[in-house]
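Here is the structure we will look at, set down as structure tokens.
The values are calculated or read from the model by the stated rules, or taken from the named source; none is laboratory data. Since this is a predicted model, take the numbers as computed values, not measurements. All Cβ positions, even for glycine, are placed from backbone atoms using ideal geometry, and neighbour counts span all protein chains on display.
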Amino acid sequence: MAPSRRSGAASLASGLSRYDALLLTALIWFLAKFLRYAFPPLFEPFQGTYGVSNAVLGTAFTGFMLMYAAMQFPSGVLADRIGSVSVITAGVVLASLSALVLLLESPFVVLVGVMVLIGAGTGVHKTVAIRLLSRAYPARTGRALGVLDSIGAFGGVVAPVAVVFFAGVSVVPFIETGWRQLFFLAGIAGLALGGAFALVVPKRLPSAARGADAADDDSTRGGESDSPPKGLRQYGALFHDRYFTVFVLATVCFSFTYNGLVAFAPLYLIEEGGLEVATANVLYGALFAVSLVQVVTGELGDRLGTLPVIVGTLTLSSMAMVTFVVTTGTGSALILGGALVAVGLGAHGYRPVRGAYLMSAIPPAIAGGSLGVVRTLLMGAGALSPAVVGILADLSSFRVAFSLLTVSMCVATVLCGLLLAVGATTFTVGGDSSG
């Protein structure tokens, strides 16, 4: 009996060890999302402390997101050449050290500078992580990306709660109550995660240190050799496929809506919805709390095909955004919260199948840089969104700004629906599209 138990325990440990690369990658993504979504709940305190407007805060957050977007392509190219582990480790260390700077009292311009640096450090992660996990778990890419995004999205759940918690509690002895504790602890955690990632993941991906990220030298996808890319023009050739281009446009529209929503949802609920600050922050956390749906949609994408799941999730988000804007005047936390949760279900559910759909078309040799191109476009559009929303809110109202976000989400849904209607459920970059 004892030998059997030992054998069972050893088998369980061996099984779990296969997923430590996924767990560490996902925890770093959690930290990246936590740092990003800690800022919007702090917009109201920032306004009181620094005396800045919605437009200034929106522009500062746009600076964060623009740097995040700018890192997508170079980080992907670097991963293609030197390996994912080195790039991800460097990113988390940069973000963590930048967060530690906020331990010091500083003027608004320093805060903006730190936001930009955190954007750079966190910006290298997702593109490279998708590349790493799609190779580490090729038969379960959708599931792996679902786990990655689900754990990451909980950074958005924890961030607003942490902001409220640290506002009245002193956990770090040498820091007074307030949000600086939050960034100090996040910075320390990030350095620890970066060290663990650098030590553990190369053992699970033996060729990662040589830049191949566990891909065999002779591996292929779609008839393409998995050899180092010869030039940057290979990345531009992706857009010769019209279906690929349409999908990229759809995901750009989605990103514009999502980033505008998450940047100003708390202020929108307070100013337009008439809710209390605490209630608004709880509902904001609920937007991310439903992220576990990504495991389900990732699995469905593996089994049923990615594009049908994409259309379903975008349809849900579009309908929920319409409801969210139309019912704002009711002042009902239940209605607004329900609509926001529905937006979250659709938006989070969309993410893993989007990544799997893209990776099914991109040759492995240029996977990092190719995904970087796409994510630069979508994150660039998303980066502009907070500034647009902030300016429209100052010139007109948040409701007008959020109406624009709703239209953009609907456009994304229609474009993906057209792809499904013509049978573009799969496509091969550089070849003929096929259903």
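For the criterion of being within 18 Å of the chain's Cα centre (by Cα), without any contact (Cβ under 8 Å) to a residue 40 or more places away in the chain and closer than 16 Å to SER255 by Cα, GLY355 fails. Once region 300-317 is narrowed to residues that are within 19 Å of the chain's Cα centre (by Cα) and polar (S, T, N, Q), the residue that is surrounded by the fewest Cβ atoms within 10 Å (Cβ to Cβ) is THR306.
Would you confirm whether any residue within region 103-114 is of a type outside the set (S, T, N, Q), touching a Lys or Arg at 6+ places or on another chain (Cβ under 8 Å) and buried (at least 23 other Cβ atoms within 10 Å of the Cβ)? First the steps, then the outcome.
Keep residues of region 103-114 that are of a type outside the set (S, T, N, Q), which gives 103-105, 107-114.
If we keep only those that are touching a Lys or Arg at 6+ places or on another chain (Cβ under 8 Å) as well, we get 103.
Add one more test, that the residue is buried (at least 23 other Cβ atoms within 10 Å of the Cβ), and what stays is none.
Looking for residues that are of a type outside the set (S, T, N, Q), touching a Lys or Arg at 6+ places or on another chain (Cβ under 8 Å) and buried (at least 23 other Cβ atoms within 10 Å of the Cβ), one finds none in region 103-114, hence no.
Out of GLY430, GLY417, GLY368, one residue alone is modelled with pLDDT under 90 and surrounded by fewer than 24 Cβ atoms within 10 Å (Cβ to Cβ). It is GLY430.
Within region 155-173, the set of residues being in a helix (DSSP H, G or I) and of a type in the set (Val, Ile, Thr) comprises VAL157, VAL158, VAL161, VAL163, VAL164.
Would you check if PHE46 is more than 16 Å from ILE118 (Cα to Cα), touching a residue at least 12 places away in the same chain (Cβ under 8 Å), of a type in the set (Phe, Trp, Tyr) and in contact with a helix residue (DSSP H, G or I) (Cβ under 9 Å, 6 or more places away or on another chain)? Taking the combined requirement at face value, the residue satisfies it.
Among residues of region 76-98 that are more than 16 Å from LYS126 (Cβ to Cβ) and modelled with pLDDT of 85 or more, those with a Cβ under 6 angstrom from a residue that is surrounded by fewer than 23 Cβ atoms within 10 Å (Cβ to Cβ) and not small (Gly, Ala, Ser), sequence gap 6+ or separate chain, pair up as SER96/LEU191; SER98/VAL114; SER98/LEU117. For region 175-183, the criterion of being under 30 Å from ALA278 (Cβ atoms), of a type outside the set (Val, Ile, Thr) and within 22 Å of the chain's Cα centre (by Cα) is met by at least one residue.
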